[in-house]
Amino acid sequence: MQRAYSSDVAFSPAVKAVQARKGSRATYARMEEGGSWETRITPDLAGFIADQRSLFLATASADGQPYVQHRGGPPGFLRVLDEHTLALADFTGNRQYISVGNLQENPRAQLFLIDYLNRRRVKIWGEARVVEDDSALLASLMPDNYRAKPSQVIVFSVTAWDSNCPQHIPRRYEEEDVKAMLAARDRRIAELEAQINVA
């Protein structure tokens, strides 16, 4: 389907009609005329992706039934292959294969990435496919020293992406960040106690 703007991947005629009725269409029309959403993976987006430990993959069956699946791993488990392509090793899980089945009949998909610490979320629209027979690609995507069994690769072709505002995103910290902050606090307390004892 030919699109006038990259944001048309999400802003269907029905969405635009709701935007018009609720008063936000003019703002988004200006955004579209100003260049709309990015269609390539910029250095900023690549850096954001490299830090992520978690993502949500949205797919839908041929008849439109949606499904959202969590995927996770160490930072860098989602890789940038080029400015239009992402990929990840798909680790063995509960073996329901809902996302895999959906992608066989409907390649349209979305990735949702959220950084709770910095309160940033990124939505990436595109098409995804499952690669089951490329051991070299699978090995290249497997994170170092990560104890998980890879079963296949998911390759994601980017159509467009958008970064949302931080409103309503709760700030959360990774376990190792909390441990580091507590260790720094404990060191400072020990220093102060030592000073008191000397005095």
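Keeping to the range 152-177, report how many residues are modelled with pLDDT under 90 and not charged (D, E, K, R).
8
Considering every residue within the range 138-159, establish whether at least one is touching a Gly at 6+ places or on another chain (Cβ under 9 Å), more than 26 Å from Tyr5 (Cα to Cα), touching a residue at least 12 places away in the same chain (Cβ under 8 Å) and of a type in the set (Gly, Ala, Ser).
Scanning the range 138-159, I find at least one residue that is touching a Gly at 6+ places or on another chain (Cβ under 9 Å), more than 26 Å from Tyr5 (Cα to Cα), touching a residue at least 12 places away in the same chain (Cβ under 8 Å) and of a type in the set (Gly, Ala, Ser), so the answer is yes.
What single numbered condition from (1) open to solvent by 30 Å² or more (accessible area, probe 1.4 Å); (2) at pLDDT 95 or above fails to hold for Arg53?
(2)
Just a yes or no: is a residue in the range 96-104 open to solvent by 70 Å² or more (accessible area, probe 1.4 Å) and aromatic (Phe, Trp, Tyr)?
yes
Please go through the range 10-44 and give me each residue that is in contact with a strand residue (DSSP E or B) (Cβ under 6 Å, 6 or more places away or on another chain) and open to solvent by less than 40 Å² (accessible area, probe 1.4 Å), ordered by number.
We begin by selecting, within the range 10-44, every residue in contact with a strand residue (DSSP E or B) (Cβ under 6 Å, 6 or more places away or on another chain); these are 37-39, 41.
Within the range 10-44, Trp37, Ile41 qualify.
How many residues does the range 172-185 contain that are surrounded by 10 or more Cβ atoms within 10 Å (Cβ to Cβ), closer than 28 Å to Gly72 by Cα and of a type in the set (D, E, K, R)?
Result for the range 172-185: 4.
What are the pairs, 6+ residues apart or on separate chains, where a residue within the range 117-135 that is closer than 20 Å to Leu103 by Cβ has its Cβ under 7 Å from a residue that is of a type in the set (D, E, K, R) and part of a strand (DSSP E or B)?
Lys123/Asp162; Glu127/Arg108
Pick from Ala109, Ala60: which is surrounded by 14 or more Cβ atoms within 10 Å (Cβ to Cβ), modelled with pLDDT of 95 or more, more than 17 Å from the chain's Cα centre (by Cα) and not β-branched (Val, Ile, Thr)? Quick ask: steps written out before the conclusion?
Numbers: Ala109 fails: more than 17 Å from the chain's Cα centre (by Cα).
Residue meeting the stated conditions: Ala60.
Considering only the range 9-63, state which residues are part of a loop (DSSP other than H, G, I, E, B), of a type in the set (Phe, Trp, Tyr) and touching a residue at least 60 places away in the same chain (Cβ under 8 Å). First the steps, then the outcome.
Taking the range 9-63 as the starting set, the residues that turn out to be part of a loop (DSSP other than H, G, I, E, B) are 10-12, 23-24, 34-37, 39-42, 52-53, 61-63.
Next, only the ones that are of a type in the set (Phe, Trp, Tyr) stay: 11, 37.
Trp37 - this is the single residue of the range 9-63 that is part of a loop (DSSP other than H, G, I, E, B), of a type in the set (Phe, Trp, Tyr) and touching a residue at least 60 places away in the same chain (Cβ under 8 Å).
Test Asp90 against the stated conditions and say whether it is more than 13 Å from the chain's Cα centre (by Cα), open to solvent by less than 40 Å² (accessible area, probe 1.4 Å) and touching a residue at least 60 places away in the same chain (Cβ under 8 Å).
Details: more than 13 Å from the chain's Cα centre (by Cα): yes; open to solvent by less than 40 Å² (accessible area, probe 1.4 Å): yes; touching a residue at least 60 places away in the same chain (Cβ under 8 Å): yes.
When the stated conditions are applied, Asp90 passes them.
Exactly one condition in (1) part of a helix (DSSP H, G or I); (2) open to solvent by less than 50 Å² (accessible area, probe 1.4 Å) is false for Arg188; which is it?
Here Arg188 meets the rest and fails (2).
Exactly one condition in (1) part of a helix (DSSP H, G or I); (2) closer than 15 Å to Asp82 by Cα; (3) open to solvent by 50 Å² or more (accessible area, probe 1.4 Å) is not met by Leu137; state its number.
(3)
Tyr67 fails exactly one of the following numbered conditions: (1) open to solvent by less than 60 Å² (accessible area, probe 1.4 Å); (2) within 16 Å of Phe156 (Cα to Cα). What is the number of that condition?
Against the list (1) open to solvent by less than 60 Å² (accessible area, probe 1.4 Å); (2) within 16 Å of Phe156 (Cα to Cα), Tyr67 comes up short only on (2).
The values are calculated or read from the model by the stated rules, or taken from the named source; none is laboratory data. This one's a predicted model, so the numbers in the text were calculated from it and none came from an experiment. Here the Cβ is made from the backbone with ideal geometry for all residues, glycine too, and neighbour counts use every protein chain on show. Ligands, DNA and RNA are excluded from the accessible area calculation, which covers all protein heavy atoms including side chains. Shrake-Rupley method; radii C 1.70, N 1.55, O 1.52, S 1.80 Å.
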